[in-house]
1. What percent of all Cα-Cα pairs in the chain falls in each 10 Å bin, counting up from 0?
2. Rounded to whole Hz and in sequence order, give me ³J(HN,Hα) for the stretch 55-63 from the Karplus expression 6.51 cos²θ - 1.76 cosθ + 1.60, θ = phi - 60°, writing x for Gly and Pro.
3. For Glu65, which sequence-distant residues (separation of 5 or more, or a different chain) have an amide H within less than 5 Å of its own amide H, given hydrogens modelled in the peptide plane?
4. Which residue, chosen from Pro25, Leu90, Thr63, occupies the Cα position most advanced towards the positive end of the dipole of the chain, where the dipole is computed from +1 (Lys, Arg) and -1 (Asp, Glu) charges on Cβ about the Cα centre?
5. With +1 on the Cβ of every Lys and Arg and -1 on the Cβ of every Asp and Glu, and nothing else charged, how large is the dipole of the chain about its Cα centre, in debye rounded to the nearest 20?
6. By how many nm would the segment from Met15 to Asp95 lengthen if fully extended, with 0.36 nm per residue of separation less the alpha-carbon distance?
7. Quick one: of Lys44/Lys153; Lys7/Lys112; Lys112/Lys153; Lys121/Lys142, which pairs are farther than 32 Å apart, Cα to Cα?
8. Roll a 1.4 Å probe over the protein chains and send me the accessible area per residue for the chain in Å².
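The values are calculated or read from the model by the stated rules, or taken from the named source; none is laboratory data. Predicted, not measured: the structure shown is a model, and the values here were computed from it. Backbone-built Cβ (ideal geometry, glycine too); neighbour counts: all protein chains shown. Heavy atoms of the whole protein, side chains included, go into the accessibility calculation; ligands, DNA and RNA do not. Shrake-Rupley method; radii C 1.70, N 1.55, O 1.52, S 1.80 Å.
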Amino acid sequence: MGGLQYKMDTTAFKMITPAPPSRGPVPDTYIDTNMSISGMFGGKIRTRKPYAVGSDYTDESFTLEAVEFTRVMVTYGDGTADPGAAAFKLPRRFDARPYESYNSMSGGRVVKSTVNSISGKLRGVITRDEDFTLLLEGTVIKKDGTREPFNLKERYEPIRDTTTRSWAEVISEV
């Protein structure tokens with residue numbers, strides 16, 4: 001079963017100082033590292049720069065219209081600002097859209113749930129595999145036209161993986 005191995009060449013980012021709790025709606029963030037897999041049953045798993053900042057917000061109240069980002073800044077541990085973030089065109093708006101999910105219940109009953117989802121990616125704003133601080137500012141726009149500003153400041157550290165893993169190990173992490 002030697003063909004069922006994956007050679008890892010990846011970077012992931014772990015949040016080391018999360019944003020403090022907010023008073024209003026604030027999107028959740030994550031770092032999208034553009035991961036790719038070369039084959040279903042072995043090969044290489046890689047990440048590829050530049051990385052994106054992903055944003056998600058679930059609106060169960062159906063009162064939100066959009067999230068708009070007005071500032072994005074990535075600053076590395078040496079004080080250098082990332083040119084990818086500096087060149088990013090702002091403002092960037094992501095509109096709410098309905099999201100449906102289905103759950104099977106006992107007795108064969110299926111329950112449908114609907115929420116509004118606001119998600120998007122700020123692509124190309126992280127160009128280095130180093131510790132960085134992410135600053136995001138923007139507004140959450142409600143359907144009645146009111147705007148609630150938000151400000152996120154989060155620190156991340158990279159985690160490199162250059163190991164070889166079995167197919168079973170990779171599948172169990174998915």
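1. For the chain, the pair-distance distribution reads 9, 29, 28, 24, 9, 1.
2. 9, 9, 8, 9, 9, 7, 8, 6, 9
3. Amide H neighbours of Glu65: Ile141, Lys142, Lys143.
4. Value: Leu90.
5. 360 debye
6. On the way: separation 80, 0.36 × 80 = 28.80 nm, distance 2.59 nm.
Residue separation times 0.36 nm, minus the Cα-Cα distance, leaves 26.2 nm.
7. Flagged as over cut-off: Lys44/Lys153; Lys7/Lys112; Lys112/Lys153.
8. On the way: 10400 Å² over 174 residues.
Ligands and nucleic acids excluded, the result is 60 Å² per residue.
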